[in-house]
1. Considering only the range 87-107, I want to know if a residue exists there that is in contact (Cβ under 8 Å) with a residue 40 or more places away in the chain, touching a strand residue (DSSP E or B) at 6+ places or on another chain (Cβ under 8 Å) and outside any helix (DSSP H, G or I).
2. Residues in the range 246-285 that are modelled with pLDDT of 75 or more, surrounded by fewer than 20 Cβ atoms within 10 Å (Cβ to Cβ), assigned to a helix (DSSP H, G or I) and within 22 Å of the chain's Cα centre (by Cα): how many?
3. Can you confirm whether residue 321 is at pLDDT 95 or above, crowded, with 18+ Cβ neighbours inside 10 Å and either out of contact with any strand residue (DSSP E or B) (no Cβ under 8 Å at 6 or more places or on another chain) or not in a helix (DSSP H, G or I) (or both)?
4. Could you grab me the full set of residues in the range 144-163 that are outside any loop (DSSP other than H, G, I, E, B) and surrounded by 21 or more Cβ atoms within 10 Å (Cβ to Cβ)?
5. In the range 374-383, which residues are part of a helix (DSSP H, G or I) and either buried (at least 17 other Cβ atoms within 10 Å of the Cβ) or free of Cβ contacts under 8 Å to residues at least 12 places away in the same chain (or both)?
6. Restricting attention to the range 337-373, report how many residues are surrounded by fewer than 15 Cβ atoms within 10 Å (Cβ to Cβ) and more than 37 Å from the chain's Cα centre (by Cα).
7. Quick check on my filter: what residues within the range 164-193 are closer than 20 Å to residue 231 by Cβ, under 19 Å from the mean Cα position of the chain (by Cα) and not in a loop (DSSP other than H, G, I, E, B)?
8. Please go through the range 1-17 and pick out each residue that is in contact with a helix residue (DSSP H, G or I) (Cβ under 8 Å, 6 or more places away or on another chain) and under 18 Å from residue 107 (Cα atoms).
């Protein structure tokens, strides 16, 4: 059986594609950035797609010989490179139309629990419109709405929850009484594989959720125990106090920095994050595990603890490094200009050369700092920072060697910044 998985480089899509491949299915994996995705899963047959632009005609050659399609493509909110309406509605419509024309009748559409107009979010409205587009087609469709999906690797909401667990002594949560029914990723993948069978239900909508109802505070406490961090005080952050942070997340999204702290997330938390698994379990006989059972079956490792502790520390480190370089350049051109000229004079630069050296050096610092803050080619920028710093040290060693013994350590202090740049480069990754 040949199956196309759209969004096979994403959190859910990558697991589904790998699971089906392991079970012997012929998997066509579709993603926006095929080159990067193929490096991570070279055993799959990759093809490109872009729900923001693709038409039904673009999908037709990709669907040649395909028996079933699983659509896992989704974005949380509009931002730089992300268009919720295009992805969830127009892009999905193009795929579903192509499935109808190509004869790929079996279509499983991964939506999300709590999709309802009453949620008041564009995410929910667009997801609902995408579901309606599938329901209008002459296809053997199923709409699957997962609740919170837990796995060894994390993305989005689960990444944020783990990062909150990594905060020492106190764990901030918005609300805390929201009820989840977490489902393990392996249970989700098994459900999808079972629903591809010829005798599986069709023309139905199922919430894929676990049997255990867990509040947000219990979820955090469970994760902290699983990570080996022990108990923590829960700080119930008022919604009005948390809202600015989520709006700041919206702004970061338009700068190309994806974070789960977005306005749509807050609205969904206010509405429904639970789901009802009873119809799915009754129709299929599925036996998903509860949240705490899943944790017990998957003991945490050192990488899980590192990821949790770095959840907020790493973005802060990137901002500190970026601001350090940006402000260094700005200060050298403004209030520290005279001091900069004095240092250049002492280093032996002529009157004619000093302005050019100062401007070139300062603009270099500003450009690298701005690029780091904007999260543009972080690894490359970090490498240039390290090389630039080595050049700075070498130049001072020749022109002003006495600075090595300066009490304020103007040379020695750049070594921690190089180490910070290397750490940021080493941990920079996007799914």
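The values are calculated or read from the model by the stated rules, or taken from the named source; none is laboratory data. The shown structure was predicted, so the numbers you read here are calculated from the model rather than taken from an experiment. No Cβ is skipped: glycine too gets one built from the backbone with ideal geometry, and neighbour counts run over all protein chains shown.
1. yes
2. Counting residues in the range 246-285 that are modelled with pLDDT of 75 or more, surrounded by fewer than 20 Cβ atoms within 10 Å (Cβ to Cβ), assigned to a helix (DSSP H, G or I) and within 22 Å of the chain's Cα centre (by Cα) gives 3.
3. Here the answer is yes, as residue 321 does meet what is asked.
4. Scanning the range 144-163 gives 144, 145, 146, 149, 150, 161, 162, 163.
5. 378, 380, 381, 382 - these are the residues of the range 374-383 that are part of a helix (DSSP H, G or I) and either buried (at least 17 other Cβ atoms within 10 Å of the Cβ) or free of Cβ contacts under 8 Å to residues at least 12 places away in the same chain (or both).
6. The total comes to 14.
7. 164, 165 - these are the residues of the range 164-193 that are closer than 20 Å to residue 231 by Cβ, under 19 Å from the mean Cα position of the chain (by Cα) and not in a loop (DSSP other than H, G, I, E, B).
8. Across the range 1-17, the qualifying residues are 3, 4, 5, 6, 7, 8, 12, 14, 15, 16.
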